[in-house]
Amino acid sequence: MKQNEYLELGLINCLRVDRHTPHGIFLMALDGNDVLLPQAYVTQTMLEDDLLEVFLYTDSEDRLIATTLKPHAMLDEFALFEVVDVAPFGAFVNWGLLKDLMVPNMFQKEPFKVGDKRFLKVVYDERTHRLVGTEKLGDFFEKRVKGLAPNKEVKIIVIAKTPLGFKCLVEDKYEGLIYHNEIFQNVEIGDTRTAFVKTIRKDGNIDLSLRKPGTKSGSGTGDIVLDMLKENNGIMPYNYKSDAELIKDVFGMSKKEFKRSLTLLQEAGKIEVKDTGIYIKG
């Protein structure tokens, strides 16, 4: 571990144990500035001149403080947070620390309610010199997409549901969208998934697919059906007449894709479809 040159708010810092006090231990950066690690986090193994990794934030009196706990998200990171309290000036969300993270009213898209789960970014508020959460993410997306192309596999986090589909954070940098009519599996806000780039629009937004574009219809879905049959002792109680919503929930595909998959698998001699269900051959 390398000792921090200076104290960094909102990040994990590597600091040297300088001295013990009744209130806790003071940890020092190379520039001579120190911060208190409260007694609640101090253990007998923390000796003078040891290097400790701690997270720095501000307490209820806006004093810099250290903790050995790690928040759900650090400065400039994104996460799904649960709203635990609402005040006239903003709301508070649980971010894994003793002190909750505030989301000022001006950083909320819609008024927060206790129990809500909101996708936020942790940012530094220049006005108050505090770490806060913001739901207004538009300004943080990079508009010049680099290193991505159609069919490329990307990491996404689902951040919001819109009338068109689910908005996603792509590779922690870009904004993407999966259209509702292309989703055949359960998708929830906060989900982390693998997706594929379909198109990159001129505005820098990315159209996404949960299946690789260009895959022949029925081929990939046929593999899904066959794999699920193998996991269920070669028998599943579904056929061409099964309910579309049930097929979507069980297999993660549309009924049209499901029926095509059954036909292809039957023609390949891999399955048999009866009134009582699907049976694997061999």
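Meeting the requirement of 1 or more residues that are without any contact (Cβ under 8 Å) to a residue 12 or more places away in the chain and under 13 Å from Gly133 (Cα atoms), the strands (runs of 3 or more DSSP E) wholly within segment 53-106 are 90-94. Close contacts from segment 15-32, counting a first residue that is under 11 Å from Ala66 (Cβ atoms) and a second that is among the β-branched types (Val, Ile, Thr) and not in a strand (DSSP E or B), with Cβ to Cβ under 9 Å and a gap of 6+ residues or different chains, come to Gly24/Val42; Ile25/Val42.
Every condition in (1) closer than 21 Å to Lys167 by Cα; (2) surrounded by 16 or more Cβ atoms within 10 Å (Cβ to Cβ) holds for Leu131 except the one numbered (1). Please indicate, with yes or no, whether at least one residue in segment 18-25 is of a type in the set (Asp, Glu) and outside any strand (DSSP E or B). No, because not a single residue in segment 18-25 is of a type in the set (Asp, Glu) and outside any strand (DSSP E or B). Only one entry in Asn151, Asn233 is touching a Pro at 6+ places or on another chain (Cβ under 6 Å) and either assigned by TED's automatic domain parsing to the domain that holds Arg118 or at positive phi (or both), namely Asn151.
Working only within segment 107-150, note down all residues that are in a loop (DSSP other than H, G, I, E, B) and farther than 26 Å from Lys70 by Cα.
Matches in segment 107-150: Lys109, Glu110, Pro111, Glu142, Lys143, Arg144, Val145, Lys146, Gly147, Leu148, Ala149, Pro150.
Would it be correct to say that Leu208 is surrounded by fewer than 19 Cβ atoms within 10 Å (Cβ to Cβ), in contact with a helix residue (DSSP H, G or I) (Cβ under 9 Å, 6 or more places away or on another chain) and modelled with pLDDT of 90 or more? Taking the combined requirement at face value, the residue does not satisfy it. Of all residues in segment 222-262, those being assigned to a helix (DSSP H, G or I) and free of Cβ contacts under 8 Å to residues at least 24 places away in the same chain number 12. When Gly96, Gly32, Gly24 are screened for being farther than 30 Å from Asp172 by Cα, out of contact with any Asp or Glu (no Cβ under 8 Å at 6 or more places or on another chain), of a type in the set (Gly, Ala, Ser) and surrounded by 14 or more Cβ atoms within 10 Å (Cβ to Cβ), only Gly24 passes. Only one of these is more than 24 Å from the chain's Cα centre (by Cα), modelled with pLDDT under 80 and among the charged types (D, E, K, R): Asp243, Asp227, Asp249, Asp223. Name it. Result: Asp223 is the single residue among Asp243, Asp227, Asp249, Asp223 that is more than 24 Å from the chain's Cα centre (by Cα), modelled with pLDDT under 80 and among the charged types (D, E, K, R). Scanning segment 151-196 for residues that are over 24 Å from Leu75 (Cα atoms), free of Cβ contacts under 8 Å to residues at least 24 places away in the same chain, in a loop (DSSP other than H, G, I, E, B) and not aliphatic (A, V, I, L, M) yields a total of 2.
The values are calculated or read from the model by the stated rules, or taken from the named source; none is laboratory data. Keep in mind it's a predicted model, so treat the numbers as computed, not measured. Virtual Cβ from ideal backbone geometry, glycine too; neighbours counted across all protein chains shown.
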